[in-house]
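Single-structure report; data block below.
Just so you know, all these numbers are worked out from the coordinates, no wet-lab data involved. No experiment lies behind these values; they were computed from the predicted model shown. Cβ atoms come from the backbone with ideal geometry, glycine included; neighbour counts cover every protein chain shown.
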Amino acid sequence: MGLIEGAAGQLNTVGYIVLMMIGIYAMTGKSNLVKKLVGMNIFQWSIILFVVSLSAKRDASIPIVLDGHGGGAAPVLDAAQYANPLPQVLMLTAIVVGVAITGVALALLLRIHRQFGTLEENELLERLDASSGS
Amino acid sequence: MNVHQSAVPILVVLAPLITSFLLPVVGWRFRPAVFPLTLTALALSCAAAFEAARRVARDGPLHYYLGGWAPPWGIEFRIDALGALMLLMITIITLLVGIYSKRSVLHEIPSKEVPFYSVFLLLVAGLIGLVSTADMFNAYVFLEITSLTSYALVSIGSGAAVVSAFRYVILGTVGAAFYLLAVGYLYGATGTLNMADLARLLPPLYESPAVLVGFAFLVIGMSIKMALFPMHTWLPGAYSHAPSAVSALIAATTTKAAAYLLIRVMFFVFEPRFSIEVIPVTTVLGWTGALAMVLGSVMALAQSDLKRMLAYSSVAQMGCIVLGIGLANAAGYTGALLHLVNHAFMKGGLFLVAGAIVYRTGLRRIHELRGLSRHMPVATFVFTVCAFAMIGIPPTGGFFSKLYLMLGAIEAGNWVFVAVIVLSSLLALAYLANVLRYLYFPRDEDGGEDEAAAIPIPPRRHTAPWTMLGPMIAVAAGILLLGLFNGEVVDRLVVPALPAGLDAREVAR
Amino acid sequence: MTRYPPEGQPPDIIIRVVCRSLVPFIQLFGLYVVVHGHSSPGGGFQGGVTLAASFVLLALAEGRGALRRHIPLGALNAFASAGVLLYAGLGVVCLALGANYLDYGPLPFAEPRSVGMLVIEIGVGITVMAAMLSIFRDMLEF
Amino acid sequence: MKLLHLVATAVTGLLLIVGSLDLAETGDPAAPAATHVSPRYIESGLEETGVENMVTAVLADYRGFDTLGEVTVIFTGAIAVLLILRNGLKGEEDEA
Amino acid sequence: MIGSLDVVLLVLSVVCAVAAVQVRDLLASVVLLAAFSLFMCLLWTELGAVDVAFTEAAVGAGVTTVLFVITVYKTDRVSRD
């Protein structure tokens with residue numbers, strides 16, 4: 001297996017690593033607070049991409065039994081035929097957690113803007129110093 | 001299916017959880033019921049925690065299969081000696097802070113008590129769930145409940161609280177996301193999420209890069225959550241701007257819960273030898289902890305705001321706990337656990353006193369507190385007890401945890417650590433003695449003009465109300481009891497919580 | 001920065017009519033998703049978000065006062081609580097019936113596990129809808 | 001300061017690359033993730049819970065407590081936003 | 001499963017992520033984030049995670065975007081970086 005094919009087999013890995021680095025960069029390096037939150041969302045979704053990749057199986061179908069109650073006897077199910085449901089369940093929860101945190105963070109941003117009139121971190125720090133000094 | 005187990009482990013978490021769901025409904029129609037309901041839930045949870053601890057001491061670890069599904073397929077609650085210790089600590093502290101919060105919440109955030117107590121109970125439920133669960137992902141969910149509630153509670157403080165809360169959100173989310181990533185790696189390598197199952201499957205995989213990196217992310221994430229030195233930047237702002245009751249609650253519990261999770265994974269999910277031999281995490285943690293102790297104490301020394309000073313002191317004390325973990329021997333581990341419990345009590349107590357001072361006088365600066373002991377004798381006394389514990393003066397619990405840490409450092413042959421522990425105690429003496437000096441002595445030798453600047457306390461209300469005094473006195477008593485019955489505490493609660501890989505004989509007193 | 005709709009004016013008639021006529025279909029779809037999570041993708045969470053989206057659309061169509069007029073503030077919180085209470089309460093019922101928490105086995109139905117799951121999906125749906133709307137409203141009216 | 005962020009980003013990336021070296025390839029049906037716990041959900045989920053959608057079965061039954069936690073998180077988010085934002089609207093709660 | 005569609009989706013999502021982080025107009029940034037989330041959602045459908053994709057479509061493109069847009073409307077629209 002050559003390098004190119006190896007990279008293709010690990011395509012999602014490459015993808016989530018790149019995305020996570022973008023997210024971390026935005027969270028730490030950007031000065032605008034909304035940008036930080038955009039970075040935070042990218043960061044969380046890249047982790048979700050990683051875990052969802054764990055659930056994939058080659059040539060497998062989605063984890064729903066299609067003829068469940070149709071033909072009387074329960075169908076015989078083979079684990080290799082269906083994608084792994086467990087990581088998907090975990091990531092459903094993670095997405096929900098992510099949106100709750102985003103909501104709280106955005107609410108904080110509204111308060112910050114009302115109180116200090118800016119969402120740029122360096123201006124915010126200046127105003128904080130000014131208000132605490134007086 | 002059709003498993004029936006004693007419901008005690010789940011009751012500890014269900015009492016605050018369900019009550020927090022009930023509060024908005026009850027508070028919508030009948031506001032006065034909110035506080036009694038909150039206290040009932042906390043007391044119930046505390047009682048269940050005592051019962052659980054009693055059973056753990058009698059029969060060994062408690063198991064509870066949620067939904068009746070046996071692990072590793074379902075989620076398991078597992079309370080062992082370590083979990084029982086944490087449960088007792090969390091429920092006692094939160095009950096005390098709950099009683100204390102009545103007046104201070106009315107004072108600092110009027111008209112919001114319904115959402116406040118709902119979030120308060122959710123935080124408690126999150127902490128309890130975090131220490132009870134035996135499932136890695138379930139721990140993540142509870143970790144996020146804890147963080148989300150902490151962000152909200154910090155943000156309702158005064159001044160720049162929202163900015164501090166936002167910084168806390170960003171760093172806290174990174175920490176939790178790293179934990180989730182670690183869980184993903186461990187799941188990818190083993191295919192399970194249950195802690196006991198992981199402990200069984202992991203040893204052959206110790207050399208695998210995925211496991212190593214997962215572990216590294218976990219340690220980094222938890223270090224952020226527990227504000228270990230280079231990642232501590234969220235803590236001072238969050239603690240000093242939060243409302244007083246919240247400062248006490250968060251300082252006493254959330255960082256400790258992260259430390260618990262780190263201990264749980266390092267010593268129970270992985271074998272201790274993994275973090276000692278396979279990758280030198282303990283060494284790194286030990287030195288980082290030492291650095292945090294020194295720098296945190298120095299920064300505390302430089303603060304003029306009482307709550308901010310206490311916050312930096314927290315950074316130093318978390319360093320102390322991490323140093324104990326990093327020593328990775330029985331004495332060091334015992335010291336770390338003892339210090340975790342002691343610090344929860346003493347820092348909780350200090351923040352409670354700081355809150356009472358703010359409540360009564362509105363003063364925050366240390367140099368403004370001149371001669372406060374005449375006005376608030378009980379609060380100052382509690383402050384003194386907590387300060388003695390922080391410094392490590394014998395009758396208090398703080399002395400013994402530092403003693404065990406020293407023993408651990410000596411056993412590890414690391415004299416630098418011994419010096420660091422002594423140095424940090426001296427620095428703690430320096431910054432706390434400074435406060436005590438102002439509290440007890442009306443004026444400096446040189447500063448005659450300060451006499452005029454007496455504290456503007458309204459007459460006839462010299463002391464804090466009993467709902468504030470009671471919990472403060474209880475905390476002080478707790479610290480003294482932890483010191484006086486230290487042997488009992490170590491034998492009954494800490495020694496059973498030693499992980500398998502660390503030698504228990506060393507701890508014999 | 002220009003705002004839409006301009007201060008004091010109702011939204012454009014086309015947007016209003018289209019949004020209003022879409023709302024019932026979206027709500028129907030949301031309900032379908034909530035109760036049909038057993039056999040197709042979806043469930044309480046996705047359905048709840050869809051239902052919340054329909055109300056958001058209503059707010060867009062009728063201006064900012066619409067949400068306040070249609071849903072009283074306290075009711076939103078009560079709904080959010082009711083959903084989780086339904087969920088946690090079902091667990092307590094299981095506990096009372098002698099099983100472990102959230103073990104639907106002993107519920108008195110023909111297919112207890114399926115019914116139990118349906119109940120909690122509905123609980124999840126109610127909470128998610130109310131919580132999302134509550135966040136949306138709080139932010140919009142801040 | 002800018003350098004620090006780049007270093008943090010680079011270190012994370014490096015750790016991730018090292019970590020993914022020996023994880024099984026995406027889609028490998030023999031990976032540990034696919035063979036240890038999850039087969040039971042697929043093979044007997046329908047029989048044990050009577051639900052065709054395995055994700056729902058795991059979400060609501062096998063790991064139902066996680067979902068309770070998830071709903072709690074959403075509930076917490078709503079209450080937290082209420083706590084953070086509903087400040088200026090005094091008296092509104094009383095009138096409702 | 002690993003087809004050319006995956007490559008296209010991944011490249012597009014990375015492009016959207018970079019653009020969302022770099023662009024100065026915050027409203028554009030938010031819309032790009034929604035597009036990013038949509039590509040993620042398609043990618044997850046490709047991987048067989050339909051429930052996750054559904055949730056992501058509802059949350060990422062729906063709720064998160066709406067909340068972001070409200071915030072941008074009520075605060076400053078232009079970022080310094």
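Below is a table of values for the structure above.
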| read-out | value |
| --- | --- |
| Mean ellipticity per residue at 222 nm, deg cm²/dmol - from DSSP H runs of n ≥ 4 across chain D, formula -39500 (n - 2.57) | -20000 deg cm²/dmol |
| Residue A:76/residue D:14 FRET efficiency (R0 51 Å; Cβ-Cβ; nearest 0.05) | 0.65 |
| Dipole-positive endmost among B:436, B:89, B:5 within chain B (Cβ charges, Cα centre) | B:436 |
| Chain C: angle of helix C:73-96 to the longest principal axis, Cα-based, in degrees nearest 10 | 10 |
| Charge-dipole axis of region B:69-185 as Lys and Arg at +1 and Asp and Glu at -1 on Cβ define it, positive-most pick from B:168, B:125, B:182 | B:168 |
| Rg over Rh, two decimals, region C:13-140 (C-alpha only, Kirkwood Rh) | 1.07 |
| Förster radius 45 Å - calculated FRET efficiency between residue E:12 and residue A:126, Cβ distance, rounded to 0.05 | 0.70 |
| Hydrodynamic radius by Kirkwood, which averages 1/r over all alpha carbon pairs of the protein assembly as shown, in angstrom | 28.3 |
| Cα gyration tensor, region D:1-93 - rounded (a/c under 1.5), prolate or oblate | oblate |
| Zone residues, region B:349-374, relative to residue B:480, backbone N less than 18 Å from point 7 Å out along Cα-to-Cβ | B:349-350, B:353 |
| Prolate/oblate/rounded call for region D:33-86, Cα gyration tensor, a/c under 1.5 rounded | prolate |
| Label point 7 Å beyond Cα of residue B:440 along Cβ direction - residues of region B:360-384 with amide nitrogen under 13 Å | B:371-374, B:380-384 |
| Reach of residue A:35 by Cα under 16 Å, taken over lysines that are not fewer than 8 positions away in the same chain | D:2, E:74 |
| Lys, Arg +1 and Asp, Glu -1 on Cβ, resulting dipole of the protein assembly as shown about Cα centre, debye, nearest 20 | 2700 |
| Globularity ratio of region B:15-139, using Cα Rg and 2.2 N^0.38 Å | 1.16 |
| DSSP H segments from chain B that extend 27 Å or more along their own axis, Cα-based, with Kyte-Doolittle mean of -0.5 or above | B:8-29, B:34-59, B:81-108, B:113-132, B:136-155, B:161-190, B:244-263, B:281-301, B:306-327, B:330-361, B:415-440 |
| Cα lying deepest toward the dipole's positive end in region D:33-86, options D:84, D:71, D:37, charges on Cβ | D:84 |
| Relative contact order (percent, whole number), chain B, Cα cutoff 8 Å, 6+ residue spacing | 15 |
| At 1.306 mPa s and 10 °C, Stokes D of chain B from Kirkwood alpha-carbon radius, µm² per second | 69 |
| Virtual spin-label span in nm between residue A:58 and residue D:35, 7 Å along Cα→Cβ | 1.4 |
| Helical segments meeting 27 Å axial Cα length and Kyte-Doolittle 1.6 threshold in chain D (DSSP H) | D:64-85 |
| Dipole in debye (nearest 20) - region C:13-140, about Cα centre, beta carbon charges: Lys, Arg +1; Asp, Glu -1 | 540 |
| Qualifying lysines (Cα of each under 25 Å from Cα of residue B:307; at least 8 residues distant if same chain) | B:102, B:112, B:225, B:256, B:347, B:402 |
